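Heads up: the structure comes next, in structure tokens.
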Amino acid sequence: MNKTAREILSLVRTKEDLNMLESEIETLLTALFKKNVKKSAKESVRSDIYKILENHFAKVKWDPEALRKILINLQDEISQFKTISLTIAFEPSAKFMEELSNWVKTNIGEKVFIDLSIDRSVIAGLVVAYKGIYKDYSARKVLNKKVEKGEIEFKKFLI
Amino acid sequence: MIIEPIVFIGFIVTIFILGVLSIVLTSLYLKTINKIQKIEKQNSKIQEKIDERAEKALEIAREKAVRIIEEATEKTEEILSKTDDFNAESKDILMDKLSESAKKQSEALTDATNLLLLEYKSELGKLKEENINLAKTVSKGIERDILSEIKDFKNIMRKETIESQKIVGEKIEEEYSQAKKEIAEYRAEELKKVDEQIEKILASVSSSVLGEGIALEKQEELVMEALARAKAEIIKN
């Protein structure tokens with residue numbers, strides 16, 4: 001993986017980010033035949049990705065073929081990525097999102113993206129799905145067990 | 001309460017059939033009465049004709065008898081006139097006697113004819129009266145029979161109606177019991193569902209409330225703890 005591709009991929013933290021990047025790559029690939037490649041790139045991708053591309057072509061001319069290679073490389077890399085699905089009970093801050101992403105990259109690997117969902121009924125904790133394995137580490141599970149055992153009966157609160 | 005459409009239609013069809021039968025029987029009764037009246041009129045006409053013919057026949061018979069007597073008298077006169085043994089005086093006396101005898105016979109025959117005619121008329125009158133009485137009796141008999149038929153028919157109709165009402169009543173009762181049972185079952189089922197839903201809603205509400213009650217820092221901490229557990233249990237494998 002070349003440096004530019006790695007930089008671009010470092011911006012992707014979630015599944016949504018990944019989907020958006022895939023869409024942008026497709027758009028840019030179809031716009032490469034145009035005369036003004038730089039302009040096409042600026043119109044097809046987000047500004048932070050464009051900045052990385054601009055840095056790459058700062059010392060050399062905007063070459064459609066060179067850009068195509070970067071994009072194909074990115075597509076190859078993305079196809080090798082795995083997804084970890086995480087369900088939490090709250091809206092995460094950007095800081096916490098970065099923390100999660102770093103944790104994933106450190107503990108699982110660089111080529112893993114987070115597919116994050118928010119479900120209030122989780123109460124607290126986390127529900128994880130990775131490589132076809134599902135695990136529920138939520139407070140909801142603990143509560144449901146107590147309800148099933150009859151240790152908690154919600155209806156009595158109505159009376 | 002809802003009556004099953006088939007039972008209701010059956011009830012309506014039965015009433016309709018009984019109504020049609022009632023109309024047909026009444027129509028037959030009226031036709032029979034008309035026929036009897038026609039027969040009576042025809043009978044009267046026939047009897048009148050018979051009277052006329054009988055009178056004519058008697059008249060013809062009487063005339064024939066008179067003619068025979070006259071012819072016999074003429075024949076006798078002729079024979080006598082040819083006989084030489086009789087003298088004129090004897091002839092006159094005999095002729096007178098014969099004329100007298102013929103007259104008496106003719107009168108006697110006329111009387112007998114008149115008497116016979118009177119007796120015949122009297123007999124015919126009796127016969128006519130008997131016929132009328134017979135026709136009246138027959139008419140009354142037919143009327144009685146038809147009235148009896150109508151009465152039977154009314155009884156059958158009443159019986160059928162009561163039977164139909166009974167069947168409809170039983171059917172309604174049966175349907176009502178079935179519906180009641182189904183409603184009770186449905187109610188129990190729905191109450192069970194409502195109970196379950198209440199549990200779910202309360203659980204969901206409680207979860208949300210519980211979740212809201214936990215501080216963000218604590219939430220983040222719990223997520224990271226859960227990730228650590230996940231690493232140990234699934235990610236390393």
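Computed from the coordinates by the stated procedures, all read-outs in this text should not be read as laboratory data. What you see is a predicted model; the values in this text were computed from it and never measured. Neighbour counts are summed over all protein chains in view; Cβ atoms, including those assigned to glycine, are modelled from backbone coordinates with ideal geometry.
Data table
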quantity	calculated
Dipole magnitude (debye, nearest 20) for the range B:1-125, charges at Cβ of Lys, Arg, Asp, Glu	1200
Exposure rule at most 14 other beta-carbon atoms within 10 Å, DSSP loop trypsin sites (Lys or Arg not before Pro): chain A longest free segment	A:62-110
Shape of the range B:108-149, Cα gyration tensor, a/c cut at 1.5	prolate
More than 16 angstrom apart: percent of Cα pairs within the range A:43-159	74
Tensor-based shape of chain B (alpha-carbon gyration tensor, a/c under 1.5 rounded, otherwise prolate or oblate)	prolate
Debye intensity ratio in log₁₀ form over the Cα atoms of the range B:28-160, taken at each q of 0.15, 0.17, 0.20 Å⁻¹	-0.87, -0.96, -1.11
Net charge dipole size for the protein assembly as shown [Lys, Arg +1 and Asp, Glu -1 on Cβ; Debye, nearest 20]	3620
Computed magnitude of the charge dipole of chain B (debye, nearest 20; Cβ of K, R +1, Cβ of D, E -1)	300
Length gained when the stretch B:GLU63-B:THR32 is fully extended (0.36 nm per residue, less Cα-Cα span)	6.5 nm
Added length on full extension, which subtracts the Cα-Cα distance from 0.36 nm per residue, B:ALA112 to B:ILE167	11.8 nm
Cα shape, the range A:86-132, gyration tensor, a/c 1.5 rule	oblate
log10 of Debye I(q)/I(0), alpha-carbon scatterers only, for the protein assembly as shown at 0.12 Å⁻¹	-1.08
Loop-resident sites, the range A:1-105, for chymotrypsin sites (Phe, Trp or Tyr not before Pro), counting at most 12 other Cβ within 10 Å (DSSP)	A:PHE33
For the protein assembly as shown, with +1 on Lys and Arg beta carbons and -1 on Asp and Glu, the positive-most of B:ILE214, B:THR76, B:TYR186 along the dipole	B:ILE214
DSSP-defined antiparallel bridges as percent of all bridges, the protein assembly as shown, nearest 5	55
Within chain A, percent of DSSP bridges classed antiparallel, to nearest 5	55
Relative contact order, percent, chain B [alpha-carbon distance under 8 Å, six or more residues apart]	38
Straight-distance crosslink candidates among aspartates and glutamates, where the alpha carbon sits under 13 Å from B:LYS31 and sequence neighbours closer than 8 are dropped	B:GLU143
Cβ-Cβ FRET estimate between A:ALA94 and B:TYR186, R0 fixed at 45 Å, reported to 0.05	0.25
Taking chain A and dividing mean pair separation by its residue count, relative contact order in percent (alpha carbons under 8 Å, at least six apart)	22
